[in-house]
1. Give the distance, in whole Å, between the Cα centre of the range 68-103 and the Cα centre of the range 245-305.
2. Could you sort 284-294, 235-245, 56-66 so that the peptide with the highest average Cβ count within 10 Å comes first and the rest follow in order?
3. So with the 1.4 Å probe, I'd like the accessible area per residue for the range 1-160, rounded to whole Å².
4. With runs of 4+ DSSP H residues as the only contributors, calculate the mean residue ellipticity of the chain at 222 nm using -39,500 (n - 2.57) per run, divided by the residue total and rounded to the nearest 500.
5. First compute the accessible area of the chain with a 1.4 Å probe, then give the percent of it belonging to carbon and sulfur atoms.
6. Compute the FRET efficiency between Glu114 and Phe234 as 1/(1 + (r/R0)^6), taking r as their Cβ-Cβ distance and R0 = 41 Å, and round to the nearest 0.05.
7. Along Cα→Cβ, 7 Å out, is where each label goes; now give me the distance between the ones at Arg300 and Ala126 in nm to one decimal.
8. Any idea what log10 I(q)/I(0) is at q = 0.07, 0.08, 0.10 Å⁻¹ for the chain, Debye with uniform C-alpha scatterers and no solvent?
Amino acid sequence: MKKKISVVIPTYNEEANVVPLAKAVSEVMERDLSEYDYEILFIDNHSKDNTQALLRGLCANNKKIKAIFNAKNFGQARSPVYGMKQAYGDCVVRMCADFQDPVDMIPKFVREWEQGTKIVIGVKSASKERKGMYWIRSCYYKMINKITDIDHIEQFTGFGLYDKKFVDVVRDLHDPLPYLRGIIAELGFDYKAIEYTQPKRRAGKSKNNFYSLYDYAMIGITSYSKVVMRLATFAGFIIGGLSLVAALVYLVLKLMYWDRFSAGVAPMVIGMFFLGALQLFFIGFLGEYVLSINSRVLDRPLVVEEERLNFDEDEEDEVEERKKV
């Protein structure tokens, strides 16, 4: 039997991209990887445009194309990982629906996989997106590498190929806030990184905004870093020591120059604002950790499905059995 490659593509309001992307992936698979069987699995995060109707048409015309429709928008962290869990090929290729993950990278991933590499990922060496955003992402990757205990992969968005053995590891995780970059770095096999230049989005607008990017960044920090909370402890010791030294200096100066030395209120006001800001910063971070703990304790499902298309009965039975486990 031919080995099977599952291509998982999360979507949200991508009506301008899903049809040409399905065509492009199918052409690459049939032209460059004809010795493999394949499936294309779209997982739609409750799109508000015509995306779902277009996916229904694709599924009706091609049984190799499957679709899962979520009951609501479950966010950019949860839906793609859930899609990976529903793919049962010999390997899974995960890519975005906006053409910023080049389709022609798939054969390169597969060739490396055939050499025995369990995880083959695409790493951006350059990007045609906004330079400011690319710089901000670079700063985040460097920062999270500094403050976490694991080796995070810089300029990696999740685009890559994952062997079924790693996908089984992900499938057995019960994490309602999955952070794929951290999972690969902590639990994954050795990986091979292939550099590429990220093109501009083909059509439509990015669904990411400051809040969604901040939310995803906090998942990474709170899941894999103890440094921020320990900085609060260290800052408390250091500021407490400096305050004691400043108090002693002021006391000595006042005793020596009782009539001429006036402490004034400016140092007190500045100190109060500084300490207040520092406290709010660390209380906010503590709240992020509490939110992360709360989400994991509640153990809600990653995604609630509304409908799935082109899954045969054997696959559905297998999914139900794994859900029971």
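The values are calculated or read from the model by the stated rules, or taken from the named source; none is laboratory data. Source: prediction; values computed, not measured. Don't worry about glycine lacking a Cβ; one is built from the backbone with ideal geometry, like all the others, and counts go over all protein chains shown. The accessibility values were calculated without ligands, DNA or RNA, using every heavy atom of the protein model including side chains. Shrake-Rupley method; radii C 1.70, N 1.55, O 1.52, S 1.80 Å.
1. 42 Å
2. 56-66, 284-294, 235-245
3. Dividing the accessible area of the range 1-160 by its residue count gives 41 Å².
4. Per the formula, -17000 deg cm²/dmol.
5. About 59 percent, which is the carbon plus sulfur part of the accessible surface.
6. Numbers: r = 49 Å, r/R0 = 1.20.
Between Glu114 and Phe234 the formula returns 0.25.
7. Roughly 4.3 nm, to one decimal.
8. -0.37, -0.46, -0.64
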